[in-house]
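Engineer: Here you go, one structure.
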Amino acid sequence: MEEKEAPLFKLGQIVYYRGIVLQVSKLREDGWIEARSPTMHVTATPDEYQTTA
Amino acid sequence: MAAVATQILIDGPRNTVAKTSGDFLMSALPTGITILDPALLTSMDPGKAGTFLATTLRIDVIDYSISDGITVQLFWDATTPVLIAELYGRGKLDLKPFGGWQNNAGAGNTGKITFTVILADNSTNTFNGTILLNIWTVKQRLLSLGGA
């Protein structure tokens, strides 16, 4: 049986987008990930996010 | 390899200004991206107890700069999203003199403004697409959508 790869990001996880702190708000079906803060929201492919500052 | 970011520049009791910019591969165009969601904006009546969120937004001004070869379709989000406009190239739309573009979506209207990018011309740009939108809106709380 094939092992499934663990997802890179989880809902509610804190991520960094070009140094800006955001929280993952949606894992889209097309593979893109939505993350937001009160004043910014980003929809991007997973490679655009970092998990550490 | 692709990201579209919206920054909320103004989120007051009445006015909202959002700047959306991003780049993406022409082979994987962004679809159904939310620009503004009234449910996530601040209250229209911050002095009052309770939260009076807008239910819809009207668009007063759009500034846009879109790379050639693609068209940005703006939608009022609903069960069946309603096309607001298709933007191509660069320009500024001043819609204020006639009261702005009003949300005319039907069933399942969420008040959100979303966009989708489609290919307009597959011969000009085969690398990256870029967009910049600056959208000024006014918050509304329509009685027909449960506003009080």
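The values are calculated or read from the model by the stated rules, or taken from the named source; none is laboratory data. Everything numeric in this text was worked out from a predicted model, so none of it was measured. Note that we place each Cβ from the backbone using ideal geometry, even for glycine, and neighbour counts take in every protein chain shown.
Engineer: Within the range B:81-94, how many residues are over 14 Å from B:PHE115 (Cα atoms) and more than 14 Å from the chain's Cα centre (by Cα)?
Structural biologist: Final tally of qualifying residues: 5.
Engineer: Also: Answer yes or no as to whether B:THR110 is modelled with pLDDT under 95, among the polar types (S, T, N, Q) and part of a strand (DSSP E or B).
Structural biologist: no
Engineer: Answer with yes or no whether B:ALA28 is under 20 Å from B:ASP121 (Cβ atoms), within 14 Å of chain A (Cβ to nearest Cβ) and in contact (Cβ under 8 Å) with a residue 12 or more places away in the chain.
Structural biologist: yes
Engineer: What are the residues in the range B:31-78 that are away from chain A (no Cβ under 14 Å) and of a type in the set (Gly, Ala, Ser), if any?
Structural biologist: Result: B:GLY47, B:ALA49, B:GLY50, B:ALA54, B:SER65, B:SER67, B:GLY69, B:ALA78.
Engineer: Moving to a separate point now. Based on this model, can you work out whether B:ASN103 counts as in contact with a Gly (Cβ under 9 Å, 6 or more places away or on another chain) and outside any helix (DSSP H, G or I)?
Structural biologist: Yes, satisfied.
Engineer: Would you please name the residue that is nearest to B:GLN7 (Cα to Cα), looking only at residues in the range A:32-53 that are more than 9 Å from every other protein chain (Cβ to nearest Cβ) and not hydroxyl-bearing (Ser, Thr, Tyr)?
Structural biologist: Among those that are more than 9 Å from every other protein chain (Cβ to nearest Cβ) and not hydroxyl-bearing (Ser, Thr, Tyr), it is A:ALA35.
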